[in-house]
Amino acid sequence: MTHDELIATARTALACLDLTSLNDNDTTADIHKLCARAQGVHGHTAAVCVWPRFAKLARSLLPDSVAVAAVANFPDGSSNIDRAVRDTREIVDAGAQEVDVVFPWRDFAAAPALLAAVRQACTGLRLKVILETGELQDELRIGHACRIALDAGADFLKTSTGKTPVSATPDAARVLLGAIATDAAVCSHVGFKPSGGIRTVADAALYIGLTRDALGAEAVTPQRFRIGASALLNDIEAVLGDAGRPAAATGY
């Protein structure tokens with residue numbers, strides 16, 4: 001990658017970043033810091049992603065140009081529909097714009113009803129379905145999960161929670177992108193979000209390239225491409241000429 005390409009990639013990664021803090025011990029002070037970092041000197045991130053209990057606070061700290069995403073059924077992806085819907089309603093009531101829900105990957109039979117209930121509970125919001133591809137492992141199972149999520153009305157397919165040993169991988173990304181690209185009903189509007197373990201602009205470049213190849217250059221925008229990360233912002237700022245402040249500690 002040339003210097004100019006590195007700069008361009010860093011700018012794209014920043015614009016498409018879901019700056020994330022999903023630690024068990026997060027505090028209001030952590031969310032204040034996260035939201036401040038999302039509005040840096042080089043531009044703002046696409047969104048911040050937090051626990052539902054912090055979504056209202058995050059929304060109050062950010063301009064309309066930065067979306068608030070919060071997680072449902074996270075991180076374990078249980079098959080408890082009531083819990084997933086309760087999380088989702090808390091996110092909606094907080095005024096957030098996006099819901100990142102974990103697919104019940106241990107119980108495929110429960111997935112259609114759970115995702116349909118979440119989709120109904122957040123009508124009008126962007127719904128990202130986290131497939132936990134590192135746990136599914138097998139491409140056929142990942143593809144099956146993609147099909148269930150798309151049929152339920154997912155706006156994004158997301159690889160991982162960032163809480164398991166294996167997060168985003170190029171192989172899993174290709175399966176998710178292929179599921180979107182080969183479905184005529186969704187290929188023009190559904191997006192892709194790799195998450196977990198993406199810490200450098202070079203890491204981000206790999207997923208930007210895969211998305212461009214599968215969905216076209218027009219898909220590499222915040223409307224259809226996100227990166228779930230926190231540490232990545234340090235490298236983006238370094239590339240763009242600012243060493244940056246320490247990233248929030250996170251499993252992402």
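The values are calculated or read from the model by the stated rules, or taken from the named source; none is laboratory data. Since the structure is predicted, the reported quantities are computational estimates derived from the model, not experimental observations. For neighbour counting, all protein chains shown are included, and Cβ atoms are generated from backbone atoms with ideal geometry for every residue, glycine included.
Taking segment 134-159 as the range and being touching an Asp or Glu at 6+ places or on another chain (Cβ under 7 Å) and either among the acidic types (D, E) or closer than 14 Å to N73 by Cβ (or both) as the test, only K158 passes.
Between L114, L131, which is within 12 Å of S79 (Cβ to Cβ) and free of Cβ contacts under 8 Å to residues at least 60 places away in the same chain?
On the way: L131 fails: within 12 Å of S79 (Cβ to Cβ).
None of the other options fit; the residue is L114.
Yes or no: segment 232-247 includes at least one residue that is among the acidic types (D, E), more than 25 Å from S78 (Cα to Cα) and touching a helix residue (DSSP H, G or I) at 6+ places or on another chain (Cβ under 6 Å). Yes, some residue in segment 232-247 is among the acidic types (D, E), more than 25 Å from S78 (Cα to Cα) and touching a helix residue (DSSP H, G or I) at 6+ places or on another chain (Cβ under 6 Å).
Among D4, D18, D26, D64, which is the only one that is buried (at least 24 other Cβ atoms within 10 Å of the Cβ) and either at pLDDT 95 or above or part of a helix (DSSP H, G or I) (or both)? Before the answer, list the steps.
Values: D4 fails: buried (at least 24 other Cβ atoms within 10 Å of the Cβ); D26 fails: buried (at least 24 other Cβ atoms within 10 Å of the Cβ); D64 fails: buried (at least 24 other Cβ atoms within 10 Å of the Cβ).
Every option except D18 fails the conditions.
Take segment 169-189 and flag every residue that is touching a helix residue (DSSP H, G or I) at 6+ places or on another chain (Cβ under 7 Å) and not β-branched (V, I, T). Listed by number, the residues that qualify are P170, A172, A173, R174, L176, L177, G178, A179, A181, D183, C187. Filtered by the rule that a residue be over 15 Å from the mean Cα position of the chain (by Cα) and within 17 Å of D93 (Cα to Cα), segment 56-81 gives K56, L57, A58, R59, S60, L61, L62, D64.
For segment 208-226, a residue qualifies if it is crowded, with 20+ Cβ neighbours inside 10 Å and of a type in the set (S, T, Y), and exactly one does: T211.
Pick out the one residue from A179, A229, A185, A204 that is more than 22 Å from V50 (Cα to Cα), buried (at least 22 other Cβ atoms within 10 Å of the Cβ) and small (G, A, S). Walk me through it before giving the result.
Numbers: A229 fails: more than 22 Å from V50 (Cα to Cα); A185 fails: buried (at least 22 other Cβ atoms within 10 Å of the Cβ); A204 fails: more than 22 Å from V50 (Cα to Cα).
Unique residue meeting the criteria: A179.
Modelled with pLDDT of 95 or more, part of a loop (DSSP other than H, G, I, E, B) and over 18 Å from D18 (Cβ atoms): which single residue out of A184, A243, A179, A214 fits that description?
Details: A243 fails: modelled with pLDDT of 95 or more; A179 fails: part of a loop (DSSP other than H, G, I, E, B); A214 fails: part of a loop (DSSP other than H, G, I, E, B).
Residue meeting the stated conditions: A184.
Residue check: C35 meets all listed conditions (1) under 18 Å from S230 (Cα atoms); (2) in contact (Cβ under 8 Å) with a residue 40 or more places away in the chain; (3) buried (at least 20 other Cβ atoms within 10 Å of the Cβ); (4) in contact with a helix residue (DSSP H, G or I) (Cβ under 7 Å, 6 or more places away or on another chain) but one, namely (2).
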